[in-house]
1. Between the helical axis of 53-64 and the dominant principal axis of the chain, each derived from Cα atoms, what acute angle in degrees is found, rounded to the nearest 10?
2. Taking Cα centroids, how far is the stretch 83-122 from the stretch 1-58 in Å?
3. PRE reach from D54 (point 7 Å along Cα→Cβ): which of the stretch 72-113 fall under 17 Å by backbone N?
4. How long are the three semi-axes of the equivalent ellipsoid of the chain, in whole Å, if each is the root of 5 times an eigenvalue of the C-alpha gyration tensor, listed from largest down?
5. Using only alpha carbon pairs under 8 Å that are at least six residues apart, calculate the relative contact order of the chain and give it in whole percent.
6. Given the Cα-Cα distance of S112 and D47 and 0.36 nm per residue of separation, how much length would full extension add, in nm?
Amino acid sequence: INVFDLEVGDCFDVPSDGNITDVEGIPCDEPHDNEVFATFDIAGGPDAPFPGEDAVRQEAESQCAGALFTDYVGVSYNESVFNATSINPTQETWEQVDDREVICVAQSPDDSPLTSSVQGANR
């Protein structure tokens, strides 16, 4: 799956080389490393300058560990056993392909594979 085509509910593994341009989609009931639980766009139209890695990371952390997480998993991030991370626009993707999308991703807390969806897991 091209990273730009990931959607909420998609489960996947990051390739061993760490390149997340394309990821291997996996049914969520099979062992997997990541599940997309939300996506949102960083504010700013196509002509907005890149706000910087720190600003993008802070916005991603705030949104992904907030209501978006709670709405999908069923409990708040602080109450959950799952970790949340994100795939963020880079300056290059922002400027070259107008990438504004943050992809919020749930993971297990101990790097063990997830074996079911985290949607509505309430843990």
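Each value in this text was obtained by applying a stated rule to the coordinates, not by laboratory testing. The model shown is predicted, which means the values in this text are computed figures rather than measured ones. Because the Cβ atoms are built from the backbone with ideal geometry, glycine has one as well, and the counts that use them run over all protein chains shown.
1. 40 degrees
2. 5 Å
3. The answer is 91, whose backbone nitrogens lie closer than 17 Å to the label point.
4. 24, 17, 11
5. The value is 31 percent.
6. 19.3 nm
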